[in-house]
1. Can you tell me which residues in region 222-260 are of a type in the set (Lys, Arg), within 17 Å of Tyr328 (Cα to Cα) and within 15 Å of the ligand (Cβ to nearest atom)?
2. Hey, can you tell me all the residues within region 558-578 that are open to solvent by 50 Å² or more (accessible area, probe 1.4 Å) and not in a loop (DSSP other than H, G, I, E, B)?
3. Scan region 261-268 and give yes if some residue there is more than 13 Å from the chain's Cα centre (by Cα), aliphatic (A, V, I, L, M) and within 16 Å of the ligand (Cβ to nearest atom), otherwise no.
4. Yes or no: Asp35 among the acidic types (Asp, Glu) and touching a helix residue (DSSP H, G or I) at 6+ places or on another chain (Cβ under 9 Å)?
5. Name, by its number, the condition in (1) closer than 30 Å to Gly46 by Cα; (2) open to solvent by 10 Å² or more (accessible area, probe 1.4 Å); (3) more than 14 Å from the ligand (Cβ to nearest atom) that does not hold for Glu271.
6. Please list, ordered by first then second residue, the pairs with beta carbon atoms under 6 Å, 6 or more apart or interchain, first in region 500-516 and among the small types (Gly, Ala, Ser), second within 11 Å of the ligand (Cβ to nearest atom) and in a loop (DSSP other than H, G, I, E, B).
7. Out of (1) open to solvent by 10 Å² or more (accessible area, probe 1.4 Å); (2) modelled with pLDDT under 90; (3) more than 16 Å from the ligand (Cβ to nearest atom), what's the single condition that is false for Asp284?
8. With the requirement that a residue be within 16 Å of the ligand (Cβ to nearest atom) and within 21 Å of the chain's Cα centre (by Cα), what does region 516-537 give you?
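The values are calculated or read from the model by the stated rules, or taken from the named source; none is laboratory data. Keep in mind it's a predicted model, so treat the numbers as computed, not measured. Ideal geometry is used to build each Cβ from the backbone, glycine not excepted, and the neighbour counts take in all protein chains shown. Heads up: the accessible areas ignore ligands, DNA and RNA and are worked out on the full protein's heavy atoms, side chains in. Shrake-Rupley method; radii C 1.70, N 1.55, O 1.52, S 1.80 Å.
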Amino acid sequence: MSQATETDDVREDGVIDSVSGPVVTATDLDARMNDVVYVGTEGLMGEVIEIEGNRTTIQVYEETSGVGPGEPVENTGEPLSVDLGPGMLDSIYDGVQRPLDVLEEKMGAFLDRGVDAPGIDLEKTWEFEPEVEEGDEVEPGDIVGVVPETVTIDHKVMVPPDYEGGEVVAVESGNFTVEETVVELANGEEVQMRQEWPVREARPASDKMTPTEPLVTGQRVQDGLFPLAKGGTAAIPGPFGSGKTVTQQQLAKWSDADIVVYIGCGERGNEMTEVIEDFPELPDPQTGNPLMARTCLIANTSNMPVAARESCIYTGITIAEFYRDMGYDVALMADSTSRWAEAMREISSRLEEMPGEEGYPAYLAARLSEFYERAGYFENINGTEGSVSAVGAVSPPGGDFSEPVTQNTLRIVKTFWALDADLAERRHFPAINWNESYSLYKNQLDPWFEDNVAADWPDVRQWAVDVLDEEDELQEIVQLVGKDALPDDQQLTLEVARYLREAFLQQNALHDVDTYCPPEKTYRIVTGIKTFHDEAFEALDAGVPVDEIVDIDALPRLNRIGTTPDDEADEFVSEIEDDIESQLRELY
Ligand code: ADP
């Protein structure tokens, strides 16, 4: 979070009137909405959220116990902003972009109060390689140089969007801190590697386009049945223990985004510790470099102040937009948006606002849609294209999807991965319910899958969907009369569906190979099962009893394709297909 800069206008300090948890009111404070203020003698960071006459309401991002009426409130006159520049990757921030490692150094393991720390290191030098020359004309957003931020990512230094731009009159090259000027313009504007942006405002773009490329997740049920677009929005609702965190982490680890912003919002500390400890150890599957080299983590755990939970989502999406501006595909995960909504609810109730459904503020839906609106596939103002894909976990109490956060999210997002407690209990992972989930991107992404994976990708997917649908209907009958009462062809369909569930939809996140499945392999698994289907129905038509068909010993091997190394999978499936064919033909 940026340190407030001094401004010339004289501003009156206010005085604390009342303190209610994270909400403080002050009188006599000369402030505007969303100004950052320092509250009390300890100078706790807060933000103005309501102004009524002489009374200002502030949400405070730090613990307020011991703060009382009469203490001063100082206004910075600046909106809540993030520091943007090299060094954000490989960082772990709190909800107001204070680097956790720096905080810990300053204060020990117990996060103290009133400590500010810049979001990016102001002393570190970076090697700036210019991409403009004296005499060039640059416009807002234009890329003026590159900095190797991590082993994986080149950080593009851009003219801030709120500059006028103009002729370049001086360019530097070499090692500089983020505050030193690297490019100077004729109108006196100076470009540094660092810029600030108010978190509650979307960064500008030229155009929001229809996404046509998938965010390849390496997760079969997602890529295969419910794909997410680069620049798309998705929600993962699910009860406790159904796999929300694992699913989000799988996306953070394996999706083919250039940059990942992972927001741990209000979840328990130990889950976030897992992420913080795990991620720095893990290699990036695309480059072999550390995963953190493309990742920015924002951690606001359940024991941290509730108002900073409200802000962490904005901090995260603003950082995501900044990398999008450089032309990168960014994937943002928020775990969990329910905890974010609960923070809104708590603050709203302290403000004594008129509660909406289940006590959530009436603006819940608006806030959720403003957040997801900032995702998209964009043409940036510098002409590059970049995307922000936003994936929010939702934790409905008791797994009841009819509650307000799930319902409002459903109206906004276009991909819905519904996690299911029953599936999780049966150890069917990922526990994404294929009957309830959907993706509205399917059709617009089909051309990509046809060109890049297989021309009949949509047909093969539809075939699998039809079989699973039929299974769903047959299951109702099976519950009543038992499987043996079904005619042979329906029994066979159930067997095909079982392989679809076990070999295609199930995927073990904890298995070295199975954890990531390229779309080519996903396709091959489904076509392998389809071969079984086609051959088996031929055998059935030729009079072979269903019991004998499903008993051939080639079949169980279908369930081992997922754990077969990617470069051997195609041959392995071909062998199974050959065996299925020969073993079945022996029966008639
Ligand atoms: P939630 O965040 O919804 O409470 P988690 O993501 O922590 O649930 O998942 C609970 C447990 O379920 C995990 O510890 C893991 O054992 C299991 N699990 C979830 N998804 C998978 C998966 N794709 N593969 C293997 N195990 C999984």
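1. Residues of region 222-260 of a type in the set (Lys, Arg): 230, 244, 253.
Restricting the remaining residues to those that are within 17 Å of Tyr328 (Cα to Cα) gives 230, 253.
Listed by number, the list holds a single entry, Lys253.
2. Within region 558-578, Asn559, Arg560, Asp566, Asp567, Glu568, Asp570, Glu571, Glu575, Asp578 qualify.
3. Going residue by residue through region 261-268, those that are more than 13 Å from the chain's Cα centre (by Cα) are 266-268.
Then keep just the ones that are aliphatic (A, V, I, L, M); that gives none.
No, every residue in region 261-268 fails to be more than 13 Å from the chain's Cα centre (by Cα), aliphatic (A, V, I, L, M) and within 16 Å of the ligand (Cβ to nearest atom).
4. Details: among the acidic types (Asp, Glu): yes; touching a helix residue (DSSP H, G or I) at 6+ places or on another chain (Cβ under 9 Å): no.
Answer is no for this residue.
5. Unmet condition: (3).
6. Partner pairs satisfying both residue conditions: Ala509/Thr515.
7. It fails just one condition, (1).
8. Once the filter is applied, which keeps residues that are within 16 Å of the ligand (Cβ to nearest atom) and within 21 Å of the chain's Cα centre (by Cα), region 516-537 yields Tyr516, Cys517.
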